[in-house]
Each structure stands twice: as C-alpha cells, then as structure tokens.
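Computed from the coordinates by the stated procedures, all read-outs in this text should not be read as laboratory data. Here the structure is a predicted model, which is why all the values come from computation and not from measurement. With ideal geometry, Cβ positions are generated from the backbone for all residues, glycine too; neighbour counts draw on all protein chains shown.
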Amino acid sequence: MSKSSEPPDPYQLLQIVLNPEGTVTLSLEDPHTPATSDPNLPIAVLTKDFIINQSNNTWVRLFVPRKLFNHHPSNNKKLPLIVYFHGGGFICYSAASTVVHDFCSKMATDIEAVVASVNYRLAPEHRLPAAYEDAVEALHWIKTCPDGWLRQFVDYSNCYLMGNSAGATIAYHAGLRVAEKGQDDLEPMKIKGLILHQPGFGGTQRTESEMRLEKNPVLPMCACDLLWELALPVGANRDHEYCNPTAPRGPEKMEKIRVAGWRVMVSGNGEDPLVDRGREVVKMMKKKGVKVVTDFVEQGTHGVEFVDPSVASRLNRVLKRFISSSNKWGEGGRQVLR
C-alpha cells in the first residue's frame, strides 16, 4: 500500500496519546477563560463557577446577562434557563474552554437566557454513563442551589437541556433519565424541552452522510470511531444504547419524552458526517408523537458555529424562537424554524 492511500491515524488527528494504563494525554490546544463576576466591568455577561461534586471534579459555570444587574432586585426579569453540555467527543474540552465560554456568553446575550454550562467527567478515565450521570446530578444541584443568581434571575418553569455534538448526546440521555423517573423529582425545575445541535449519535452501520463525508477534514469517521471506542464501556460497540438511540428499547424510552410533553429541537448541517444521525432521531421521534422542531441547513460542517460568528448568531436566533414559541405544531407534530 502506498503512503498516500494509507488511512489517517486518528490518534494523530485528535492529538491523543493512549497511555498503557488506559488513560489519555491530550496535546490539543485548549485555552481556558476564567469566570468573571464583577458587575463593574464593561462585559456583556457575568460568570461564576460552582462546585457540584468535589470528588468527581464536576462543576457548573453560570452565565447571566450583565443588564440584569442594572435593575432593582424587585424588578428583575426572570429568564429561561439553558443547561448546556459542551462537545468534544466525551474526552476533551471543559466548561472553562475559551471556545465553550465564548459560545455560552454569546448565547446568553443573544437569547436573553441564563446558561448553566456543566463540566462533566471525561472518558476514557470515566467511561459512559459517567457523563450522563453527572448531567442528572447537575440538574439536582441546580434545583437546590440557594445562590442568588439562580434564585433571582432564573424562571425555573422554563428550562431546557442543550448540547452540541457529544454534549447533545449527553442532553438527550439526561433527558431520558429525567423523563423515565418523572419531573416531580426536579421540582421546582420544569424542563420544557431538549435542544440537540449536531447530535453525536452513532451506530455500527454507516449512514449515507457518514460514507459520503468519511474523510471530512473537520471530523473524519476514523476519529469518530476512536472517540466512541474510548467513551463506551469496554467491549461495547456503537449499537450500544449509550450511543445509538435506535438500539433495542431506544424507541420505547423515547415514548417517555412524548409523555413528558417536551418539545425537541434537532439541528444539523449538511456537510457534517453526523447529520443523518440527527435526521434518524427526528424520524423516530415523529413516529412516537414527540413534538419536534427541525433546523437542518445545507452549508456548514461539524462545529461551524464555533469558528463562524454569523452561523452562531443565526443559530441563536433559531434557538430564541424555539424557546419563545407557543405550542403551534404543524401536521405530524413537527415544526420547521427558519
């Protein structure tokens, strides 16, 4: 085999070194931004970090639009809460990563919402379902936290679980766990919906978009395969329920979302190898009678909103309409946002 025809090394592409004990060393450039809570600074969003579980090193960063601090406390407007889970294939980035911090800051101002960005445990040191468990624990922490930022500015009756890529998968599985147990356990929080942007689902059988975009320069399929290998329980394949929502019992579990009455927004981009996975989930949700909003656009590859501010602005406009929209659903329980 000639050198040019050799498949790329996914470890090199992802800048990962696998250590003998099963851990990984990451050399991916990942600058961090500290939280800033001083209302006297000329910034649009104030941020503050809170520990959720010290033993697991899980924590949450709150993003609150600065303008809320300019009003008398008795007149403060309460905003929707978006509980956000970052992407990174379950193995990299954090709530403090600059790309995640900047995205959440822009989302808080554009949408006029409080954003709670969750820092969950990463694989392979903590394989799935660790991140899903951390997500549910974060929701219980939020509902009981006495901090004034949450109590003063958040409308607990208007909460959404959101993520992009692997984070969307976390939001989905956290939502399933809440829906299965019942929302009463989260009072006074009331989840109104799920926002799954470029969801990072998978399966052993390639979709059309995965085959067509197998060598996508941003997210080639060999990298996806490695990320799932490092994240799933040892010995599990990509048809495991933690990865593939169409796996056995997947449609049955989705029934719980319909019963909960949640709205679900699924969005994706046509140049993303994972786009067909999102479309599959929409199709399955429709069959189960889930209220689904779709936002699929032809342009853009995986994570384009992090490198193109205009794409991020457009996405936030769609998200704002989704959150503020009334329950006027089209035929088949589906609505398309434009």
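Points to keep in mind about this one:
- Neighbour-count order for 297, 281, 17, fewest beta carbons within 10 angstrom listed first: 17, 297, 281
- Positive minus negative residues near residue 21 (Lys, Arg vs Asp, Glu; Cβ under 15 Å): 0
- Per-selection Kirkwood Rh - region 185-279 (Cα, Å, 1 d.p.): 14.8 Å
- 222 nm mean residue ellipticity, helices alone, for the chain (DSSP H n ≥ 4; -39,500 (n - 2.57); rounded to 500): -10000 deg cm²/dmol
- Footprinting exposure proxy ranking of 137, 180, fewest other C-beta atoms within 10 angstrom first, gives 180, 137.
- Region 5-44: C-alpha gyration tensor shape, a/c 1.5 cut-off, then a/b vs b/c: oblate
- For the chain, the longest principal axis of the Cα atoms and the long axis of helix 250-260 meet at an angle of about 10 degrees.
- Residue order, fewest to most beta carbons within 10 Å, for 246, 47: 246, 47
- For the chain, the fraction of C-alpha pairs more than 36 angstrom apart is 16%.
- Angle of helix 309-324 to the longest C-alpha principal axis of the chain, folded into 0 to 90 degrees and rounded to 10: 60°.
- For the peptides 103-111, 196-204, 158-166, 20-28, residues were scored by their other Cβ atoms within 10 Å and the scores averaged per peptide; the highest-first order is 158-166, 196-204, 103-111, 20-28.
- At 0.890 mPa s and 25 °C, Stokes D of region 243-330 from Kirkwood alpha-carbon radius, µm² per second: 173 µm²/s
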